[in-house]
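A.B. asks: What follows is a single structure, and I will ask about it in a moment.
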Amino acid sequence: MVKQAHVQTIIQAFEEFSPKHLAMEGDKIGLQLGSLSKKAGKVMVTLDVLEPVVDEAVEAGVDLIIAHHPLLFRPIKSLNVDTAYGRTVEKLIKHDITVYAAHTNLDVAEGGVNDLMCEALGIEDTEVLVPTSEDGLKKLVAFVPEKYADRVREAVGDAGAGHIGNYSHCAFTVTGRGAFKPEQGAVPFLGEEGKLERPAEERIETVFFASEEKKIVRALTEAHPYEEVAYDIYDMAVPGRQQGLGRIGKIKEEITLDEFAAHVKIAFGVNGLRVVGDGKKIVKKAAVLGGDGNKYAMTALNKGADVYITGDLYFHVAHDAWMEGLTMIDPGHHVEQIMKKAVAGRLSEQMVKNRWDTEIMISTVQTDPFRFM
């Protein structure tokens with residue numbers, strides 16, 4: 001049965017790959033305006049929530065806007081509907097459009113803005129540039145009837161458990177016998193009320209990242225045949241994976257700064273960009289940080305980057321980097337629009353998977369305020 005999803009349900013699906021806890025402290029993310037309980041027949045993904053974008057949403061009958069840049073970022077002391085900003089908010093309220101923002105959490109998330117930028121530029125073997133947290137490792141131990149062990153292993157593996165390096169669905173199994181006695185009112189998959197049951201079971205052990213615990217447990221309980229699922233979860237002393245802003249990695253082949261800058265221009269579809277440094281310098285290692293990455297220029301240098309790609313470069317930051325030998329490329333803040341297609345694609349997959357009759361669309365309005373003459 002196909003049905004429309006509620007805004008809250010769609011946001012929960014979105015937060016599975018861009019959870020709010022990844023956001024930097026103080027960032028204005030999450031629900032910005034509107035209702036979580038309404039149904040959403042149409043969702044728009046955008047970089048910015050400007051008045052022309054809202055006009056586009058109104059014309060298309062959009063119920064929910066998911067944006068990278070928050071609409072409400074600074075405290076509002078007054079709202080004058082004669083201004084563009086005031087009209088924008090007024091139109092959203094009048095047309096009952098909910099606005100949700102995923103800012104630095106989408107930057108930090110695996111497969112988020114910075115990973116998308118690296119993918120577009122062909123930067124490989126990437127690591128986090130600015131660590132902000134660690135996603136710890138946990139171990140799941142589950143006890144499953146032998147005939148259902150493969151189904152459970154597959155389900156938790158598909159949900160993300162047992163992913164180690166270039167391998168997935170990694171698990172260890174020991175065969176043994178469980179024991180339980182169904183009491184009055186129980187509806188056992190095996191056994192009879194009041195009688196001790198000793199089924200042949202497999203003890204399945206696998207590891208997962210802490211951020212995926214809810215998804216893993218849900219997959220386990222849905223695939224497991226028992227009315228009451230027996231499982232344990234342990235914290236592991238082994239280091240997890242670093243999470244944070246930006247990425248740093250290797251450029252596929254040795255290339256000059258000017259050649260790489262031309263590649264950046266094409267990859268991001270921009271009409272111009274700013275370059276700092278000797279155009280003939282060979283660059284092998286690149287750091288990327290979507291948006292305004294001025295305060296992390298020296299971090300990129302100290303981590304061995306030959307070139308740093310970020311937006312909104314300040315004059316004096318560029319001076320300091322230039323003198324220290326770090327080359328830089330500023331393709332503009334707006335290149336973060338790379339998130340629109342990726343987010344829309346992942347949400348569309350969720351709609352199909354959950355059989356939700358909700359359309360996902362991408363805003364086509366140009367929100368870059370700059371033109372190159």
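The values are calculated or read from the model by the stated rules, or taken from the named source; none is laboratory data. All values reported here derive from a predicted model rather than from experimental measurement. So basically every Cβ, Gly included, is an ideal-geometry build from the backbone, and we count neighbours across all protein chains shown.
A.B. asks: What do you reckon, is E127 among the acidic types (D, E) and farther than 29 Å from V270 by Cα?
C.D. replies: no
A.B. asks: Inspect the stretch 176-189 for any residue being surrounded by fewer than 19 Cβ atoms within 10 Å (Cβ to Cβ) and farther than 21 Å from E228 by Cβ and give the result as yes or no.
C.D. replies: Looking for residues that are surrounded by fewer than 19 Cβ atoms within 10 Å (Cβ to Cβ) and farther than 21 Å from E228 by Cβ, one finds none in the stretch 176-189, hence no.
A.B. asks: The conditions are (1) within 24 Å of T46 (Cβ to Cβ); (2) crowded, with 19+ Cβ neighbours inside 10 Å; (3) among the small types (G, A, S), and G272 fails exactly one of them. Which is it?
C.D. replies: Result: G272 fails condition (2) only.
A.B. asks: On to the next question. Condition first: surrounded by 15 or more Cβ atoms within 10 Å (Cβ to Cβ) and in contact with a Phe, Trp or Tyr (Cβ under 8 Å, 6 or more places away or on another chain). Can you find one or more residues in the stretch 251-260 that meet it?
C.D. replies: yes
A.B. asks: Conditions: (1) surrounded by 13 or more Cβ atoms within 10 Å (Cβ to Cβ); (2) free of Cβ contacts under 8 Å to residues at least 60 places away in the same chain. K147 meets all but one. Number of the miss?
C.D. replies: Going through (1) surrounded by 13 or more Cβ atoms within 10 Å (Cβ to Cβ); (2) free of Cβ contacts under 8 Å to residues at least 60 places away in the same chain one by one, K147 breaks only (1).
A.B. asks: Follow-up. Residue check: is V81 without any contact (Cβ under 8 Å) to a residue 60 or more places away in the chain, crowded, with 21+ Cβ neighbours inside 10 Å, over 14 Å from the mean Cα position of the chain (by Cα) and more than 13 Å from E336 (Cβ to Cβ)?
C.D. replies: No, not satisfied.
A.B. asks: Which pairs turn up if I take residues in the stretch 254-281 that are within 25 Å of D320 (Cα to Cα) and look for partners that are modelled with pLDDT of 95 or more and aromatic (F, W, Y) with beta carbon separation below 7 Å, at least 6 apart in sequence or on another chain?
C.D. replies: Correct list of pairs: V276/W322; G277/W322.
A.B. asks: Of the residues that sit in the stretch 343-358 and are part of a helix (DSSP H, G or I) and among the β-branched types (V, I, T), which one is modelled with the lowest pLDDT?
C.D. replies: Looking at residues that are part of a helix (DSSP H, G or I) and among the β-branched types (V, I, T), I get V352.
A.B. asks: Here is a follow-up. If I123 meets every condition in (1) in contact (Cβ under 8 Å) with a residue 60 or more places away in the chain; (2) more than 24 Å from the chain's Cα centre (by Cα) apart from one, which number is that one?
C.D. replies: (2)
This table checks each residue for (1) modelled with pLDDT of 95 or more; (2) within 15 Å of A223 (Cα to Cα); (3) part of a loop (DSSP other than H, G, I, E, B).
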residue: K139; (1), (2), (3): yes, no, no
residue: D150; (1), (2), (3): yes, yes, no
residue: A161; (1), (2), (3): yes, yes, yes
residue: C170; (1), (2), (3): yes, no, yes
residue: T175; (1), (2), (3): yes, no, no
residue: G185; (1), (2), (3): no, no, yes
residue: P188; (1), (2), (3): no, no, yes
residue: E202; (1), (2), (3): yes, yes, no
residue: E205; (1), (2), (3): yes, no, no
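A.B. asks: Sticking with this structure for a sec: Among the residues of the stretch 299-321, is there at least one that is farther than 20 Å from K265 by Cβ, under 22 Å from the mean Cα position of the chain (by Cα), buried (at least 19 other Cβ atoms within 10 Å of the Cβ) and hydroxyl-bearing (S, T, Y)?
C.D. replies: no
A.B. asks: For the stretch 211-316, which fully contained strands (runs of 3 or more DSSP E) count at least 3 residues that are modelled with pLDDT under 95 and touching a strand residue (DSSP E or B) at 6+ places or on another chain (Cβ under 7 Å)?
C.D. replies: 241-256
A.B. asks: Then there is this: Can you tell me how many residues in the stretch 282-340 are more than 19 Å from P131 (Cα to Cα), free of Cβ contacts under 8 Å to residues at least 24 places away in the same chain and not aromatic (F, W, Y)?
C.D. replies: Result for the stretch 282-340: 6.
So that you can scan it fast, the table gives a plain yes or no per residue for (1) within 20 Å of the chain's Cα centre (by Cα); (2) of a type in the set (A, V, I, L, M); (3) closer than 26 Å to D368 by Cα:
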{"residue": "I10", "(1), (2), (3)": "yes, yes, no"}
{"residue": "I29", "(1), (2), (3)": "yes, yes, yes"}
{"residue": "V58", "(1), (2), (3)": "no, yes, yes"}
{"residue": "G61", "(1), (2), (3)": "no, no, yes"}
